[in-house]
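Reading through the structure tokens given below for one structure.
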Amino acid sequence: MSTINLAVNGQSVSGEVEPRTLLVEFLREQLRLTGTHVGCDTSQCGACVVMVDGKSVKSCTMLAVMADGCDVTTIEGLAEGTELHPMQQAFMDNHGLQCGFCTPGMVMSGLDIVNRHGNELDADTVRRELNGNICRCTGYQNIVKAIRAGARAMGD
Amino acid sequence: MQENGIGASVRRKEDQRFLLGKGRYTDDINVAGQTYAVFVRSPHAHAVIEGIDARAAAAAPGVVAVLTGEDLAADGIGPLICGVVVTSDDGEPHRAPAHPALAQGKVNYVGDHVAVVIAETLAQARDAAELVEVNYRPLPAVASTADAASDGRQQIHQEAPNNICFNWPFGDKAANDEAFDSAHKVSSIELVNNRMVTNPMEPRAALGEYNSGTEEITLHMTTQNPHVHRLVLAAFNQLAPEHKLRVVGPDVGGGFGAKIFVYAEELVVGWACRKVNRPVKWTADRTEAFMSDAHGRDHVTKAEMALDENSKFLAMRVHTTANLGAYLSTFATMVPSYLYAFLFAGQYATPLIYSEVKAVFTNTAPVDASRGAGRPEATYLLERLVDVCAADMELDPAEIRRRNFIPKDAFPYQTPVVQCYDSGDYEAALDKAMELADYSGFEARAAEAKNRGKLRGIGFSSYVEACGIAPSAAVGQLGGGVGLWESAQVRFNPTGNVQVFTGTHSHGQGHETTFAQLVCDQLGVPFENIEVIHGDTAKTQFGMGTYGSRSLAVGGVAIAKACDKLIAKGKKIAAHAMEAAEGDIEFTDGNYTVAGTDKAMNIAEVAFNAYVPHSYPEGVEPGFDENAFFDPMNFSFPAGTHICEVEVDPATGEVEIVDYTAVDDFGKLVNPMIVEGQVHGGIVHGIGQALLEGCHYDENGQLVTASYMDYAMPRADNAPDFRIDYAPTDPPHNPLGVKGCGEAGAIGAPPAVINAIANAIGAKHVEMPATPETVWRACQSAV
Amino acid sequence: MYEFSYHRPASVAEAAELIANAADGKLVAGGQTLLPTMKHRLASPSDVIDLGGIAEMSGIVVNGNIVTVGAMTTHAEVAASSEIREAIPALAALAGNIGDPAVRNRGTLGGSIANNDPAADYPAAVIALGATVRTNRREIAGEDFFTAMFETALEEDEIIVAVDFPRPDAASYMKFENPASRYAIVGVFVARTAAGPRAAVTGATACAHRAWRLEEALQADFSASALDDFEAPVDKMNADIHAGAEYRAHLVKVMAQRAVAACA
């Protein structure tokens, strides 16, 4: 077992993990932060995307021990209480989610797109940058709309 | 009319929890002392099991139990069943080989369940599963649909000679043949409806808990229909008596059909938790989902149309071989029969239709309903065939459709294939779609594309689907084992807020919002004071669940009927309280008023009086809580025209969808925002089938597409924004005037896309998925 | 995943010692290929040595006509690097189209080329640009580095430290993506250099390789039309459910022509 110390959603946490524990397993099973989901085992669906040191990563493809000393943000760390983050709010306002399973990863990837491309996003950029996130419900149109709206709202 | 009532694009109630990461999906639930199950699965498509040695696995660290088919049989757990009988042409019911939840002596597809290992941790269960030694004697496999029933093929089940489950002819063959013999022209097409893996983003999961004190099993699981699961598990699998089994479908991450069925894993988890007297949890990984979820489609078809000199359809005939996989899944037989052949009329007044469906077994995963279920297959062959007819008759594809449409004044319209369509105006949808898509400007756009080296094509699809499943009497006549009514309970609490219990299940459709809108509209209760509850057999009355775009058209009506009962009861209570005759009481916007006076009483006050009946009308029961059931009189028949425009890069065969228009008739829309979302999702599902998705087994029955590395799911960059509009009609059978919208896109899109590609490259046909290589090859031969 | 011991050295020397002493050690860079492989239990190393803590292995330095990229530099860093976008824009574009954004935030140059997936993008750039792979022991010419499917010239326990990319006059990479995995079905990297045209092909065959015949065809005339009569050998091509051999051979030509055209 290894001891890891990291910050998750602004709080210091430490944990005992087997080296083979994935970051997503640590988040879900040990910290009970079950908002981050697992939808595949080949790093493609993006349901498990979290921010590690400000960058999106697939938490199913990173060992928990690799996050030792890192600053991790999950979907649970975005809102202020019940007040949604502008990106979350944009998903609600634009019907950017249906079953909700891919949604946490979509929101985190949306934030990563804003970090890299700014607040004025064209639809093609968002569509291209979302190629690591799969949704079966929405047909993506409203996710794209939501991320563009969320990006704008984050700039306001 | 309420602000958040019918017709308003209200933001969804369920979104807050999903966006906060507070959704509660099955795998999110953890209970004290839970163990983890891992299934040992067959690596062979077809093999005899000569022995299982579980000693090493049982002795591995953390292992609680290793269970096999022998244990299952010893405990009297019954095989998985198929609930719909199709009568074969020999007069016998379809062949239904036993489908044990853990293999008994033989495995019949890659991923077939052989044993289950239960351990303290998931990692330990996985480690031990590798130690289970299974001695297989491989047999030749049958993997291909087209020749599964050919002479000399390996027999999979003794009970099913030539691997045939049923041969099902339907229609008047003699009259049909005669019409073909005397036709001016016969157009024909041969095509494959590609096998798909349904792929809801949340993999299947189950958590079983057994209470030895109450002898009750609680099964949290990924289900679209908790009561149906409970019924089948109790009545046919002998898991537990129905009243000692609780099935909970908490938040469910998409279904699209794949979570309707009773699968081996969920049954085994329910059984094992009692056997080991510990909670047992199982969650599929994606590879397991590819191997063991029921797949969809997989037809090989020849279809022909007889036409007169005016391009009127005289008769149609269809021969299909449908792959049902290695065993029959819960509703497998219904999909390529009743949900398929009964849709062959489409939007057309074709007077004669004859079809033969041969359903076969193969050494592949079971095949069952998947978004649209039978209707996409029917629509695809019909709308492809219509385009071939148009080409043969040198007619515009819109024109040949228009000439053959059932006219709008012919509804209700009895088709030659059982269904009686409720309402429709097919020409209105076609006209609107052509205008939105700027059909008249297409030639100019194609010329412009040509300058850029691209081949631009346009394709139509005018579909009908039958949903709002289903009138129980019709289900019974067709050999179905259940009634497909729906139920509702609408309960006022004494403080005036409302809980709505529905037998449907929401796994993305937004019922918590839409149904609250119905109740808000009808009872005049503020939207925020209404909570919709579903998915737990211990909380809700019996219900049939969600599939076949039925929830609003059937479940919504049940809610409305329960509201009617509340309003009627409230009149008596309000009349007593306001000292008026019941006949003088009117109800509008949540208020009971006495006609001709200014006396008024809000429904919340009436509810309070009902629970605190200190001064109360004689003969009226206390309480303000009503149940209703609704059994529809007919299916509902959404329809529409979709127009797809593509550009093909002839050098690579790459297809880009550059424009897509959908004009649908869903009757009245309760929440247009949600409806549009359903249409978007359906279209992309259909685009996935048309361009990307294909489940592929090799000739030995090995699953080649077992992950997202090989199975191409549509992503955000595979489609453009869509133009969505509606051409509604008013279905007379439905009290709410609604149809269904969840499957329409997946039904309408595939032929629209393929017709556009065929148009672009000048080919008669291109098989799905129209991958770049497929299209490139078609370009080569079209030149 | 099977159990293993985890190590996180702070220097290349320490990493070398750890890998040398491990029974069946495996170096992990970004882990974007190794971890899924281990999750599927297709690899079972006794020891995993994580190179993520070695500062000297990361970073981008431009020195004259040589762009040096540390082995642990992520695809995202290469894609976003203003130095690389200026010096070898095709390399930045290639890196910016590997996998998806989250994968690019973890995946590294060293990890990619050490793994040598036949459909990976980076090997085409390393070969076509005439790069030099620097390890803790020696320098290896890019075109000699990729020896066979999933095999490289690396000796046991040898560690890639950095790759030196010479700046070309012009270069372009054209990738025809697998619609499922988004790996290359065929990728062609062409470069116009002072020493003549260079080209490499990935995805098409068992291993990324220098495309001598493409180079010959471009020798006299570096233009798309110079490849009009080019035919890639069908018998050497990979074939799978996504693309048959004949189609792949055709795509080699189309991608090569498009890459050449983009160099103009």
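The numbers here are math on the coordinates, done by the rules we state, and not lab data. As the structure is a computational prediction, the values presented were derived from the model and not from experiment. Note: ideal-geometry Cβ built from the backbone for every residue, glycine included; neighbour counts use all protein chains shown.
Worth pointing out:
- For segment B:339-355, the Karplus equation 6.51 cos²θ - 1.76 cosθ + 1.60, evaluated at θ = phi - 60°, returns couplings of 7, 10, 5, 6, 10, 5, 5, x, 8, 10, 8, 5, x, 10, 9, 10, 9 Hz by residue, with Gly and Pro reported as x.
- Chain A - percent relative contact order, Cα under 8 Å, separation 6 or more: 25
- Ranking of A:55, B:358 by count of other Cβ atoms within 10 Å, fewest first: A:55, B:358
- Rg/Rh ratio calculated on Cα atoms of the protein assembly as shown (Kirkwood radius): 0.97
- Only Lys, Arg (+1) and Asp, Glu (-1) charged, at Cβ; segment C:5-50 dipole about Cα centre in debye: 260
- Within the shell of other residues whose beta carbon sits under 9 angstrom from the beta carbon of residue B:624, the net charge comes to 0, with Lys and Arg scored +1 and Asp and Glu -1.
- Partner shielding of C:237-243 amounts to 3, given as the average count of beta-carbon atoms from other chains within 10 Å of each residue beta-carbon.
- Sequence-distant contacts, meaning Cα pairs under 8 Å at least 6 residues apart, place the relative contact order of segment A:2-74 at 41 percent.
- Charge tally around residue B:385: other residues with Cβ under 13 Å, Lys/Arg +1 each, Asp/Glu -1 each, net 0.
- With R₀ fixed at 45 Å, the C-beta to C-beta distance from residue C:156 to residue B:717 puts the FRET efficiency at about 0.60.
- Per-residue average of Cβ from other chains inside 10 Å of B:335-344: 0
- Integer Hz, Karplus 6.51/-1.76/1.60 couplings in order for segment C:109-119, x for Gly and Pro: 4, x, x, 5, 6, 5, 6, 6, 5, x, 10
- Distance in nm between pseudo-label sites at residue B:238 and residue B:538 (7 Å out along the Cβ direction from Cα): 2.6
- Among B:51, B:199, C:186 - extreme Cα towards positive end, dipole of the protein assembly as shown, charges at beta-carbon: B:51
- Take every pair of alpha-carbon atoms less than 8 Å apart whose residues are at least six positions apart; their mean separation over the length of segment B:183-275 yields a relative contact order of 34 percent.
- 16 Å Cα-Cα reach of residue B:572 towards aspartates and glutamates, excluding residues that sit fewer than 8 places from it in its own chain: B:564, B:582, B:584, B:586, B:605, B:618, B:621, B:625, B:626
- Unit charges on C-beta of K, R, D, E only; dipole of segment C:110-264, Debye: 420
- Coordinate range of the alpha-carbon atoms in chain B per principal axis, descending: 85, 72, 53 Å.
- Taking C:73, C:135, C:108 in turn, the Gaussian network model of chain C (Cα-Cα springs below 10 Å) assigns the largest fluctuation to C:135.
- Coupling constants for segment B:47-60 follow from the phi torsions by the Karplus curve (6.51 cos²θ - 1.76 cosθ + 1.60, θ = phi - 60°), and in residue order they are 6, 8, 8, 8, x, 10, 10, 9, 5, 5, 5, 5, 8, 6 Hz; glycine and proline get x.
- Too-long pairs where the Cα-Cα distance tops 23 Å, listed order kept, from C:39/C:236; B:22/B:281; A:58/C:26; B:13/B:432; B:408/B:561; B:454/B:764: C:39/C:236; B:13/B:432; B:408/B:561
- Proximity of backbone amide H atoms, modeled 1.01 Å from N, is registered between residue A:70 and A:7 at under 5 Å, excluding neighbours fewer than 5 places apart on the same chain.
- Partners for residue C:253 among aspartates and glutamates (Cα-Cα distance below 13 Å; same-chain residues under 8 apart left out): C:215, C:228, C:229, C:231
- Among the residues of A:101-107, the average count of other protein chain beta-carbon atoms within 10 Å of the residue beta-carbon is 5.
- Gaussian network model of chain C, Cα within-10 Å springs - most flexible of C:218, C:227, C:42: C:42
- Virtual paramagnetic centre 7 Å along Cα→Cβ of residue C:221, amide N under 17 Å, in segment C:190-214: C:197, C:214
- When chain C is treated as a GNM with alpha-carbon contacts under 10 Å, the residue of C:70, C:107, C:196 showing the greatest mean-square fluctuation is C:196.
- Cut-off 11 Å between beta-carbons: net charge of the residues surrounding residue A:35, Lys and Arg +1, Asp and Glu -1: +3
- Among B:673-679, B:599-605, the order from most to least packed when residues are scored by Cβ within 10 Å on average: B:673-679, B:599-605
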